[in-house]
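Here's the structure we're looking at; comments come further down.
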Amino acid sequence: MLFTPVTEPLGEATVAQRWLNSPVSRRQFLRAGLMAAAGLALTPMLTRPAYAALAASPVRTIALTNLHTGEACALSYWENGAYVPQALATIDRVLRDHRTNGIHPIDPSLLDLLAALHGRLETNAPFQVISGYRSPESNAAMHTRSSGVARRSLHTEGKAMDIRVAGRALTSVHNTALAMGLGGVGYYPTSDFVHVDTGRVRQWQGA
């Protein structure tokens, strides 16, 4: 598994120990373990055309940079037919709410969506993340300041991400995400990001 955080470099064993000591990650690990024990696939049904290349790959990778903290990771989050708990924990930490330091599991289906999008963009540049997980407290505060922030944002469930990609025009990221036909896609040209989520298929434009 590739594991390259750019800040607070830790050995894999140390990261695993910290992750296992986290109540949220213990629940995540238990959920994954129970699914595996029951013989259930630990992946969404990647049957849509947008997922064709991803479904055929034995390894799924993702590279993310949190623009607020400067932390980043480039790793394989799916190997040998299952999501990698340690990789998911690292992603959860990198995409935490920078205002409260709150950590929440990021929906693996969102990672699959992003990995498929990255493949279609044909780039090696990481996703620059403007907003990953957002605590209910942070979301409520942002909602009072802007009508563009949903009261019940999927960011609070770890199912949404606001992104851009160096070297790719925002219109290209937006149009490619729309063409995939997966989840919600919001276009924010003034704020310079595209919102993607694993909710129902829909689209909108904001500031």
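Rg/Rh, computed from the Cα trace of region 63-119 with Rh as the Kirkwood radius, has the value 0.96.
The distance from the alpha carbon centre of region 51-119 to that of region 161-207 is 17 Å, rounded to a whole number. Using the average count of surrounding beta-carbon atoms within 10 Å as a protection proxy, the listed peptides 126-135, 46-55, 161-170 rank, highest first, as 126-135, 161-170, 46-55.
Under the shape rule built on the C-alpha gyration tensor, where the axes satisfy a ≥ b ≥ c, region 85-207 is oblate, since a/c reaches at least 1.5 while a/b does not exceed b/c. Summing charges over all other residues whose Cβ lies under 15 Å from the Cβ of F193, with Lys and Arg as +1 and Asp and Glu as -1, gives 0.
Each reported figure results from applying straightforward, stated rules to the coordinates on display, with no laboratory input. Computed from a prediction, not measured in an experiment: that's the story for all the values here. Heads up, the Cβs are rebuilt from the backbone with ideal geometry, glycines too, and the neighbour counts pull from every protein chain shown.
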